[in-house]
Amino acid sequence: EMTHAHFRNPQDLAILVNALRQAGLPQWRFGFTPDERDRLKGAEIASLVIGHTLQGQIEPGLQPAFLQIGSDGKAAFRSTTRLVTETVYVDGDLLCEQSENLFGRPDCGPVYRRNDTAGKGYSYANTSKVFHFTVVQ
């Protein structure tokens, strides 16, 4: 949706998104297929991430990454290929990142609880990444 934010009429965007789904385009990138039952609500997301440091890996290729978020939402995201300063906040049940990288537009997505062999963790998916993380601080 972020790449099509120039559509002023929501019905026009809905037609395009429906056509992409019919063509078999997946909802999330990099083969990420979360279980909707594991999706966190807004209050859970806020208490989990605001004022904390998240450590994990981003797709593609599971590159190491960190997201440090202050209690005021000011944040820095670092990976082997990116360094972004931004503002992080919760809007409804979505975690949002806003920086100059997307011309100041917010890039929002859901957070999912993940229980796997690596232990208890979470996954955050938006238009630019899938970030698998644990809270380290």
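The values are calculated or read from the model by the stated rules, or taken from the named source; none is laboratory data. As the structure is a computational prediction, the values presented were derived from the model and not from experiment. Virtual Cβ from ideal backbone geometry, glycine too; neighbours counted across all protein chains shown. For accessibility, only protein heavy atoms count, side chains too; no ligands or nucleic acids. Shrake-Rupley method; radii C 1.70, N 1.55, O 1.52, S 1.80 Å.
Confirm whether residue 130 is farther than 18 Å from residue 64 by Cβ, within 14 Å of the chain's Cα centre (by Cα) and open to solvent by less than 70 Å² (accessible area, probe 1.4 Å). So that I can check it myself, show each step before the final result.
Numbers: farther than 18 Å from residue 64 by Cβ: no; within 14 Å of the chain's Cα centre (by Cα): yes; open to solvent by less than 70 Å² (accessible area, probe 1.4 Å): yes.
So residue 130 fails the test.
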Just name the residue that is modelled with the lowest pLDDT out of those in the stretch 59-81 that are more than 19 Å from residue 46 (Cβ to Cβ) and among the hydroxyl-bearing types (Ser, Thr, Tyr).
81
Taking only the stretch 21-50 into account, find how many residues are at pLDDT 95 or above and loosely packed, with under 14 Cβ neighbours inside 10 Å.
3
State all residues of the stretch 93-124 that are open to solvent by 10 Å² or more (accessible area, probe 1.4 Å) and of a type in the set (A, V, I, L, M); if no residue qualifies, say none.
94, 102, 118
Enumeration of residues in the stretch 86-117 that are in contact (Cβ under 8 Å) with a residue 12 or more places away in the chain and in a loop (DSSP other than H, G, I, E, B):
92, 93, 99, 105, 110
Considering only the stretch 52-92, how many residues are of a type in the set (Asp, Glu) and buried (at least 16 other Cβ atoms within 10 Å of the Cβ)?
2
